[in-house]
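The values are calculated or read from the model by the stated rules, or taken from the named source; none is laboratory data. All of these numbers come straight from a predicted model, not from anything done at the bench. Positions of Cβ are backbone-derived with ideal geometry, glycine not excepted, and every protein chain shown enters the neighbour counts. Just so you know, the surface numbers come from the protein's heavy atoms only, side chains and all, with ligands and any DNA or RNA stripped out. Shrake-Rupley method; radii C 1.70, N 1.55, O 1.52, S 1.80 Å.
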Amino acid sequence: MPSTVVHVGFALLLAAALLGTAYDRRALLVVAGAVAFLDLDAFVALVVPNTHRAAFHTLLLPLSVGTYLYADTRLAERSTVRERWGDRGVRVAWTALVAVVVSGLGLDLFTGSGANPFYPLFDQFYAFTGSVEWSSTKGFVQTFVEVRPPEPGTTVDGGGSVDVGQKGSTEQYRVGTAVDPTEGPEPSGVERIVPVVYAGWQTTLTVTGLAVTALKLRWADSPLTLESKEPRAPATESPTDDDD
Amino acid sequence: MPPTLVHAALGGLLAAALLDRAFSRRGAAVVVAAAAAPDLDAPLALLLPGAHGAVLHTFLLPLGAALLLRYDTRRGASWIHGRYGAAGVRVAWVALLSYALAGTGLDLLNLDAANPIWPVDTMYYSVVGKVEYTTTEGFVQTYYSYDPDARWRHYVGQRGRPPNFCKPSLWKPACGADDPASATRVTEMVQSGWQLLLVLASPVVLFARAWLVGPGGDR
């Protein structure tokens, strides 16, 4: 269960890779904010039961924003987004979208507690976990998708099943948070746990994201920076990024 | 330890993030290879027992390389700058970071252990633990614990020294002196969900990065 810190750390790494010339502190804030926003559905769960990892952790959100963005920047004659925020704004928006899907939603979906990617259209939590290995006795073995063939001879409920990590709907399954540790009203003295750092791969991702950000900002003046070679609009480009 | 594929995937993300104008297929390949390189000490363990997770996983190696690189780039006629240009210098730095973070770091901060200061010491460490705040216990951290009766009085993730501690690998499936040829050889490619996500995301990001600074310039 990666905490918001880990989501943001990984998002910073993705942002560094994808922002290109739009890389600056403001853009990073937008990307980090978008990713952190997903975890605010912990508060939605106070109102609609069990909707943490569901209400905002749904693909429908980035899908609709992405559709709008595509229609606005590619199909429409005049792009509202581009007029308001320029080419940089478009790039930042797409990057934030990727970061939300991969780091915000993806990290939850691909770890033990899972997420509900099609909520509310199709209410089902998934946790895509498993392993792939090769062994000299069993060959290739993967456990992400487990297919059980129907058992012969059984009539009722004897059909096979495909298990990709279904956890149940919001009625059967919940992910607790410090905001809403148990379903319904909390008894007094309930333990609320706020994870800060879980060492292991989560720390590695977070540290990598932070280190990359520090280096990128430090190297902003380097002649290798994407910005440096012939700026696209020399006349209008004001020296804004001289803060480090 | 996390499979080599996962190290390479994280290295790919680092390449996409940090190379800037030095980004090229060759540059990215160097950075990805640097992330995967520490795992080469697994076959080395055939010759040198206890090498796996130590000989190439030590931080002293990238540290020494960083000092060399720093020395070379600071002096007047830098060899690496003269040979590969400014882009080469950037690739070298990012590759070193990739080696330390994506190569060794991912193993060290993991149950599968690495030896960060070989050959000074032979102890393997797994730095795993958590910091959390709970309303009943306050702040809790499990990185360090003190227990005079335990195996490690000051516990920060010690796993043991060879030959008692040994990491099985594809090359050396059974630990210990007797190495039966019949032992099952296992190599893991993906151990968990997040690793799959990383392995899937890394090439996508790399291709996006290459496409976005393609022949048409930056978009």
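Among the residues of the stretch B:16-65, those with an accessible-area drop of 40 Å² or more from chain alone to full protein complex, heavy atoms and 1.4 Å probe, are B:A17, B:L18, B:D20, B:R21.
I'd like to check one number: the per residue accessible area of chain B, probe 1.4 Å, reported in Å² as a whole number.
Per-residue accessible area for chain B comes out at 49 Å².
You can think of it this way: the chain between B:A65 and B:A150 has 26.8 nm of extra reach, that is 0.36 nm per residue less the Cα-Cα gap. Residues considered: B:R74, B:R26, B:R161. Largest GNM mean-square fluctuation over chain B, using C-alpha springs under 10 Å, is found at B:R74. With both labels modelled 7 Å from their Cα along Cα-to-Cβ, the A:F122 to A:V190 distance reads 3.1 nm. Rolling a 1.4 Å probe over the protein heavy atoms of the protein assembly as shown, with every protein chain left in place, gives an accessible area that is 63 percent carbon and sulfur. Taking label positions 7 Å along the Cα-Cβ direction at both A:V65 and A:T137, the computed distance is 4.9 nm, reported to one decimal. May I ask you to list the lysines whose Cα is less than 26 Å away from that of B:K130, ignoring any residue fewer than eight positions away on the same chain? Within reach: A:K167, B:K167. Taking the longest Cα principal axis of chain A as reference, the axis of helix A:80-99 is set at about 40 degrees. Contact-buried residues of the stretch B:82-128, at a threshold of 40 Å² lost accessible area versus the chain by itself: B:R90, B:L101, B:L109 (1.4 Å probe; DNA, RNA and ligands ignored). Between chains A and B, what is the buried accessible area in Å², counting both sides, with a 1.4 Å probe and ligands, DNA and RNA left out, to the nearest 100? Roughly 4600 Å².
With a 1.4 Å probe and every protein chain left in place, work out the accessible area per residue of the stretch A:1-157 in Å², rounded to a whole number.
49 Å²
Centre-to-centre, using Cα atoms only, the stretch B:115-139 and the stretch B:62-104 are separated by 30 Å.
Can you list, bin by bin at 10 Å, the percent of alpha carbon pairs in chain A, starting at 0? Calculated over all Cα pairs of chain A, the distribution is 7, 24, 28, 22, 14, 5, 1, 0 percent.
Taking a sphere under 14 Å around the Cβ of B:T122 and counting the other residues whose Cβ falls inside, with K and R at +1 and D and E at -1, yields a net charge of +1. Computed extension gain for A:R84 through A:V145, at 0.36 nm per residue and net of the alpha carbon distance, reaches 17.4 nm. Note on A:K138: lysines with a C-alpha under 20 Å away, same-chain residues under 8 apart excluded, are B:K172.
What base-10 log of the normalised intensity I(q)/I(0) is obtained for the protein assembly as shown from the Debye formula, alpha carbons as equal point scatterers, at q = 0.07, 0.11 Å⁻¹? The calculated log intensity ratios at q = 0.07, 0.11 Å⁻¹ are -0.43, -1.03. For chain B, the Kirkwood estimate of hydrodynamic radius, built from reciprocal distances between every pair of different alpha carbons, is 19.4 Å. Taking all protein chains as shown and a probe of 1.4 angstrom, B:Y133 keeps an accessible surface of around 90 Å².
Between the stretch A:2-38 and the stretch A:177-221, what is the separation of their alpha carbon centroids in Å? With the stretch A:2-38 and the stretch A:177-221 each reduced to a Cα centre, they are spaced 14 Å.
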